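Below: one structure, written as structure tokens.
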Amino acid sequence: MTQNAKLRRKGRNTHNIESLTQISIDLFMNRGYDATSVEEIAKAAGITKSAIYYHVANKEELLRRAISNAVGKLFEILEEPAATEGTPLTRLEYIFRRLVEVEFDHLKEIALLLRVRGGSQTERWALEKRREFDRHVQELIVLAQDAGEIRDDLDALAIDRLVFGMLTWIPEWYYIGHRIPPGVLVDAALALIFEGIRQPDVAR
């Protein structure tokens, strides 16, 4: 039996949908979704294309699995008690903290979610889910302004875009083993955000 045949047989016996999804994420991140073929995914997994199709119908299904997990983790934040109870400001602080924590726990999946541009049905779905999450945060920013908790001389949309621009860039440069511990980075990010937008007389 040739070495390639042995590899294909081993891959067929050991790979499942979860491991193939992880392999696909790495390829989508390194090469881009559009530039990655099913053949390349099969090669990276050490199996045949037909073995890939045993698990999924196409590569878009692998993309959907990858970013669905990321979307799910983000929306779980909004359902946690501290994100639904308390003042708008405390809820915002909690959501931003948890957003960064989730990014650390799912660096590749979140980074992939943030890179989608709408070229496929799955990507368009992901973009709409991102906008939905964004709208929820914007509403909280407005509520916090109306409650006098954060500065109302700053545009709510501008606050939202600038904050998310900073927080969602983290998966692009952070890596496991980075010299900045996750907790230190979370505290620094929140300090930069809320020292800038909090009303001076609002208690910390």
Karplus couplings for region 178-191 from phi (6.51 cos²θ - 1.76 cosθ + 1.60, θ = phi - 60°), rounded to Hz, Gly and Pro as x? 4, 5, 8, x, x, x, 5, 5, 4, 4, 5, 4, 5, 5
Output wanted: per-residue J couplings in Hz (rounded whole) for region 158-172, from phi through Karplus 6.51 cos²θ - 1.76 cosθ + 1.60, θ = phi - 60°, x for Gly and Pro. 5, 4, 4, 5, 5, 5, 5, x, 6, 5, 7, 7, 3, x, 6
Calculated from DSSP H runs of 4 or more alone, at -39500 (n - 2.57) each and per residue, what is the 222 nm mean residue ellipticity of the chain, nearest 500? -23500 deg cm²/dmol
Could you pull out every residue, at least 5 positions away or on a different chain, whose amide H is within less than 5 Å of the one on Ile150? Hs are placed 1.01 Å off N in the peptide plane, and Pro or chain starts have none. Gln145, Gln199
PRE zone check, label point 7 Å out along Cα-to-Cβ of Trp125, amide N under 14 Å, scope region 39-80, hits 57-72
Kirkwood hydrodynamic radius, the chain, all distinct C-alpha pairs: what's the number in Å? 18.9
Could you pull out which residues in region 102-141 have an amide N less than 19 Å from a spot 7 Å beyond the Cα of Glu60, following the Cα-Cβ vector? 113-130
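Any read-out appearing in this document is the output of simple, stated calculations on the displayed coordinates, not a laboratory observation. What you see is a predicted model; the values in this text were computed from it and never measured. With ideal geometry, Cβ positions are generated from the backbone for all residues, glycine too; neighbour counts draw on all protein chains shown.
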